[in-house]
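The values are calculated or read from the model by the stated rules, or taken from the named source; none is laboratory data. What you see is a predicted model; the values in this text were computed from it and never measured. Cβ sites come from the backbone with ideal geometry, for glycine too, and all protein chains shown count toward neighbours. Side chains included, ligands, DNA and RNA excluded: accessible areas come from the protein's heavy atoms. Shrake-Rupley method; radii C 1.70, N 1.55, O 1.52, S 1.80 Å.
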Amino acid sequence: IESRWRQRRARSGYRGQDPRLRALAAINPGASADLLAAGNLADFFERVEYNGRRLAKLDVPPAEVIASLREYEEALVPDLRRLFPQDFSNYIWSLEHLYFCILLTLNTAYFQVRDQEAQSFYEVFQNQLESLSVDELLDRVLGSLMRTFNAQGGVILLVDPAERRLDLAVSGPLAYD
């Protein structure tokens with residue numbers, strides 16, 4: 001099932017160690033069959049939410065994620081029909097509910113990422129309005145970005161095109177263990 005799904009994804013440009021492919025694979029029911037078989041739905045949906053946020057940050061369109069899930073289902077259904085002919089309709093019913101819950105979880109994950117991005121943009125905009133100098137603006141923007149990404153340190157580099165080099169504009173505290 002996994003190899004049939006990967007072949008279909010390869011036709012859409014997802015190959016090898018592509019982080020988008022790894023995140024898409026992690027939200028398929030087959031990737032977490034051990035969790036689902038053990039009835040550990042909370043861990044499964046935590047994995048779906050985490051990888052959903054990764055997909056949102058990698059700018060994978062939601063339609064592409066849904067297409068991937070449909071391709072996995074299309075790869076899975078023939079085996080279900082062949083292996084469980086008596087209970088096939090029950091499996092399909094359960095699978096439809098599982099996919100619905102996966103989609104709800106992905107919707108939440110995408111919302112979280114886009115909301116965080118919007119808050120960050122708003123904060124940078126506010127920084128522009130409130131700063132009295134370029135240095136103050138850069139300090140504020142770096143602080144905003146460090147909060148947004150929960151970073152312990154950071155730097156902003158400015159490009160000097162005439163000299164073809166980067167200059168350190170501002171840096172935040174860097175913590176080392």
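Numbers below:
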quantity: Residue satisfying all of: in region 88-126; of a type in the set (A, V, I, L, M) and either touching a strand residue (DSSP E or B) at 6+ places or on another chain (Cβ under 7 Å) or within 19 Å of Val60 (Cα to Cα) (or both); most open to solvent (accessible area, probe 1.4 Å) among these; calculated: Leu104
quantity: Given (1) in a helix (DSSP H, G or I); (2) of a type in the set (A, V, I, L, M); (3) open to solvent by less than 90 Å² (accessible area, probe 1.4 Å), number of the condition Leu129 does not satisfy; calculated: (3)
quantity: Count of residues meeting criterion [open to solvent by less than 60 Å² (accessible area, probe 1.4 Å), closer than 17 Å to Leu103 by Cβ and out of contact with any Pro (no Cβ under 9 Å at 6 or more places or on another chain)] in region 31-59; calculated: 7
quantity: 2 or more residues under 23 Å from Gln112 (Cα atoms): qualifying helices (runs of 4 or more DSSP H) within region 27-83; calculated: 41-57, 62-83
quantity: Residue match in region 148-169 (condition: in contact with a Ser or Thr (Cβ under 8 Å, 6 or more places away or on another chain) and within 23 Å of Ala23 (Cα to Cα)); calculated: yes
quantity: Residue count, region 64-73 (criterion: open to solvent by 30 Å² or more (accessible area, probe 1.4 Å), touching a residue at least 12 places away in the same chain (Cβ under 8 Å) and under 16 Å from Tyr14 (Cβ atoms)); calculated: 4
quantity: Enumeration of residues in region 1-21 that are in contact (Cβ under 8 Å) with a residue 12 or more places away in the chain, surrounded by 14 or more Cβ atoms within 10 Å (Cβ to Cβ) and of a type in the set (D, E, K, R); calculated: Arg4, Arg6, Arg8, Arg9, Arg20
quantity: Residue in region 144-165 that is exposed (fewer than 14 other Cβ atoms within 10 Å of the Cβ), polar (S, T, N, Q) and either in contact with a Gly (Cβ under 7 Å, 6 or more places away or on another chain) or at pLDDT 90 or above (or both) present; calculated: no
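Every residue, every condition in (1) over 19 Å from Gln116 (Cβ atoms); (2) in a loop (DSSP other than H, G, I, E, B); (3) of a type outside the set (Asp, Glu), yes or no:
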{"site": "Arg147", "(1), (2), (3)": "no, no, yes"}
{"site": "Gly153", "(1), (2), (3)": "yes, yes, yes"}
{"site": "Leu158", "(1), (2), (3)": "yes, no, yes"}
{"site": "Glu163", "(1), (2), (3)": "yes, yes, no"}
{"site": "Val170", "(1), (2), (3)": "yes, no, yes"}
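Per-residue answers, yes or no, for (1) aliphatic (A, V, I, L, M); (2) in contact (Cβ under 8 Å) with a residue 40 or more places away in the chain; (3) closer than 20 Å to Glu2 by Cβ:
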residue: Leu24; (1), (2), (3): yes, yes, yes
residue: Val77; (1), (2), (3): yes, no, yes
residue: Leu80; (1), (2), (3): yes, no, yes
residue: Phe84; (1), (2), (3): no, no, yes
residue: Phe111; (1), (2), (3): no, no, no
